[in-house]
Amino acid sequence: MRNRSGDLASVAVADPRLDAICAVVQPKKRTPTTLELMDNAAQMPEPGRGKPADFAAAARRVDVLIHVVREFDSPTVPFHAEPNPSRDHSAVETELILADLQLVENRLERLTKSHDAKKPGSADYLEKALFEKIKPDLEAGNRLRDLSFSDDEETILRNYQMLSLKPLVIAINCSESELHSTSPFQAGATDPAFRICAEIEREIARMDEADRGDFLKDLGIERPASENLIRAVYEALGLITFFTAGQNETKAWPLKRGENAVKAAGVIHTDIAKGFIRAEVVHYEDFEKLGSVKACYDEGLMKLEGKEYIVRDGDIINIRNKS
């Protein structure tokens, strides 16, 4: 997933619902949601080379970590040891936890000199209490994303870009012969884990769209593994998708799960959110059942919703606003 200009690539999130809506609306332009992926944004140094601190600093700059672990064995691939996904993933998890522990210890040392840290309710007091609470867990090797926190506590932790709190997705790079297998490592993974054969994905990327279907069918797979991986990253970010269905452009929009209609309007444009009046909402399942947005309107399945309406994944929305 590398573009010609460097390591950063904008990748479309495949969504058959957008395809279905466009097939009916026939817009001049279709626009999917996209993610920005950085190849090797944070790379673990080989033993004896590089600094773990450099890895941690790079990892703090991303929202979701994708850990690519090698399962296949090949004499053409230079590596410091034989393939062992469990070992490699454990090493990364340990570095994330140790980086968080180091940050917590450094911050607690500074807070001992803060007068505000002794004042109940102050920012420093709340931060000190939280860091003292999580320090034993980090020392015990526990990831922060496996623990429970209040909304205020999560805000403090995110402000410090805690690494073991970040969502993590595992891509198991395997051989073609093992693509349909499930290894003990994958079966026991506590984070989303997908098998990917880089050689197959490379072939798919080079093919014309018309040839991909038969190729995938011959391999016994429904879609490229890269699409599953991108979808997993999208969901790890806590995102859902809503749609606007216009004849000039039909577009998929990302929105944080649990956000309301006025937030959705703001994703489209800040001025639309400011002038928000109502949202005309068609649920995707109704669109799928009746075959068009117009049919949903005709059957009374379009709902007028206010600012506080919680947007559902797949909603087709038209915002009425003061223009």
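Structure data summary
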read-out	value
Check: the stretch 239-321 dipole with +1 on Lys, Arg Cβ and -1 on Asp, Glu Cβ, in debye	300 debye
Other-chain or far-sequence residues with amide H under 5 Å of LEU239's (modelled H)	ARG257
Cross-link partners of LYS118 among lysines (Cα-Cα below 21 Å; sequence separation of 8 or more within a chain)	LYS128, LYS133, LYS135
Max mean-square fluctuation residue, GNM over the chain, Cα-Cα springs under 10 Å, options LEU103, LEU179, LEU168	LEU103
Contact order normalised by residue count of the chain, Cα under 8 Å, 6+ apart, percent	19 percent
Shape call, the chain: gyration tensor on alpha carbons, a/c limit 1.5	oblate
Shape call, the stretch 239-321: gyration tensor on alpha carbons, a/c limit 1.5	prolate
Calculated FRET value between GLU308 and ALA81, using beta carbons and R₀ = 51 Å, to 0.05	0.40
Of all DSSP beta bridges in the chain, antiparallel share, percent nearest 5	60 percent
Bridge type composition, the stretch 239-321 - antiparallel percent by DSSP, nearest 5	95 percent
Gained length - ARG202 relative to ASP19, 0.36 nm times residue gap less alpha-carbon distance	63.5 nm
Rounded FRET efficiency, nearest 0.05, which uses the C-beta distance separating ARG158 from GLU132 and R0 of 25 Å	0.85
Cβ-based charge dipole, the stretch 64-236, positive-most Cα from LEU101, PRO85, PRO192	LEU101
Sequence ranges 298-308, 259-269, 54-64, ranked by mean other-Cβ count within 10 angstrom, highest first	259-269, 54-64, 298-308
Note, ³J(HN,Hα) from phi for the stretch 281-291, Karplus 6.51, -1.76, 1.60, rounded to Hz, x at Gly and Pro	10, 10, 6, 4, 4, 6, 4, 5, 6, 8, x
Estimated distance in nm for a label pair at GLN26 and ALA123, the labels positioned 7 Å out from Cα along Cα-to-Cβ	5.7 nm
Where Cα atoms sit under 22 Å apart: lysine pairs in the stretch 239-321 separated by 8 or more or lying on different chains	16
Net charge dipole size for the chain [Lys, Arg +1 and Asp, Glu -1 on Cβ; Debye, nearest 20]	1300 debye
Nearest-20 debye value, the stretch 64-236 charge dipole, Cβ charges on Lys, Arg, Asp, Glu	760 debye
LEU219/ASN248 FRET efficiency (R0 35 Å; Cβ-Cβ; nearest 0.05)	0.35
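No lab work stands behind these numbers, since they all come straight from the coordinates. The structure displayed is predicted, hence computed values, not measured ones. Note: ideal-geometry Cβ built from the backbone for every residue, glycine included; neighbour counts use all protein chains shown.
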